[in-house]
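Report on the following structure.
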Ligand SMILES: Nc1ncnc2c1ncn2[C@@H]1O[C@H](COP(=O)(O)OP(=O)(O)OP(=O)(O)O)[C@@H](O)[C@H]1O
Ligand SMILES: [Mg+2]
């Protein structure tokens with residue numbers, strides 16, 4: 001096995017990075033692929049989202065070289081976790097003077113890559129050192145985005161960053177696509193922005209769309225991904241569709 005490493009990144013906050021990472025990780029694991037979810041955000045939301053243990057040695061200890069085994073199993077079959085908590089907020093500063101500080105995750109992850117089919121990284125809402133580490137370590141990136149007014153500006157920015165990373169720190173990085181989240185089909189503004197995004201970014205936008213769905217928002221408070229909380233909800237169905245499309249897009253990117 002050589003895991004595909006997929007990061008969920010967008011410097012904008014609250015666009016559905018964590019929700020998407022947790023739900024897609026669970027659906028991939030449910031297809032019996034050996035999967036690892038790395039919580040790379042000090043908020044620790046993806047750790048909570050699958051009822052992970054925030055006290056277990058996690059991303060912070062791993063990145064700073066203070067644990068040999070950051071991996072915890074989860075109650076979800078085939079899904080492991082490297083957890084995060086507020087300690088990780090210090091990593092940005094503590095690692096500032098580390099040698100090759102942009103490549104710490106890339107180095108660490110090579111030790112694990114043979115053990116998994118998929119490794120998913122939930123990034124914080126910034127373009128700081130943690131996100132740069134994810135960009136250098138990943139084979140693929142998905143950009144979750146909400147169809148709101150300022151979204152286009154934010155997307156242009158992260159697209160430029162990706163191009164810069166591809167031209168230097170990580171030539172292997174491939175854009176899997178932009179995934180529209182929390183979409184309200186009754187909102188004219190949502191429709192207009194989705195049209196704009198598709199016009200600008202064409203096939204780089206997932207055809208699957210994640211609707212705004214109350215079950216998706218409720219699930220984390222039960223420590224459950226949507227397919228375990230309400231598998232028949234439109235939210236669950238949309239994440240299953242998006243995961244199918246993601247796997248197709250990965251295969252296509254391999255063939256290219
Ligand atoms: N499709 C959806 N329908 C309804 N609510 C959603 C949906 N997706 C996400 N949410 C809710 O929106 C909020 C933000 O989502 P989420 O935490 O996934 O975003 P994020 O990009 O990870 O945020 P941050 O930048 O803070 O890490 C959460 O409360 C989440 O439950
Ligand atoms: Mg998040």
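Any read-out appearing in this document is the output of simple, stated calculations on the displayed coordinates, not a laboratory observation. Just so we're clear, the structure is a prediction, and the values are computed from it rather than from any experiment. Here the Cβ is made from the backbone with ideal geometry for all residues, glycine too, and neighbour counts use every protein chain on show.
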By the mean-Cβ-within-10 Å protection proxy, highest first, 216-229, 31-44 rank as 31-44, 216-229
FRET efficiency for residue 256 and residue 195 from the Cβ-Cβ distance with R0 = 45 Å, rounded to 0.05, comes out at 0.95
Percent relative contact order for segment 1-108, counting Cα pairs under 8 Å at least six residues apart, stands at 26 percent
So, with points 7 Å from each Cα along the Cβ direction, the residue 2-residue 215 label distance in nm works out to 3.9 nm
One quarter of the C-alpha convex hull surface, i.e. the mean projected area of the chain in nm², amounts to 12.7 nm²
With label points set 7 Å from each Cα along the Cα-to-Cβ direction at residue 244 and residue 114, the distance between them in nm comes to 3.6 nm
Residue span residue 231 to residue 67: 0.36 nm per residue of separation minus Cα-Cα distance leaves a gain in nm of 55.4 nm
Note: residue 152 to residue 53 extended length (0.36 nm per residue) minus current alpha-carbon separation gives 32.0 nm
Out of 240, 63, 86, a Gaussian network model of the chain with alpha-carbon springs under 10 Å gives the largest mean-square fluctuation to 86
Percent relative contact order for the chain, counting Cα pairs under 8 Å at least six residues apart, stands at 25 percent
Between residue 185 and residue 222, the FRET efficiency computed from the C-beta separation at R0 = 25 Å comes out, to the nearest 0.05, as 0.40
Here the residues of segment 213-245 lying in the modelled label zone of residue 31, meaning backbone nitrogen under 17 Å from a point 7 Å along Cα-to-Cβ, are 226-228, 236-245
Here the residues of segment 77-102 lying in the modelled label zone of residue 169, meaning backbone nitrogen under 12 Å from a point 7 Å along Cα-to-Cβ, are 100-102
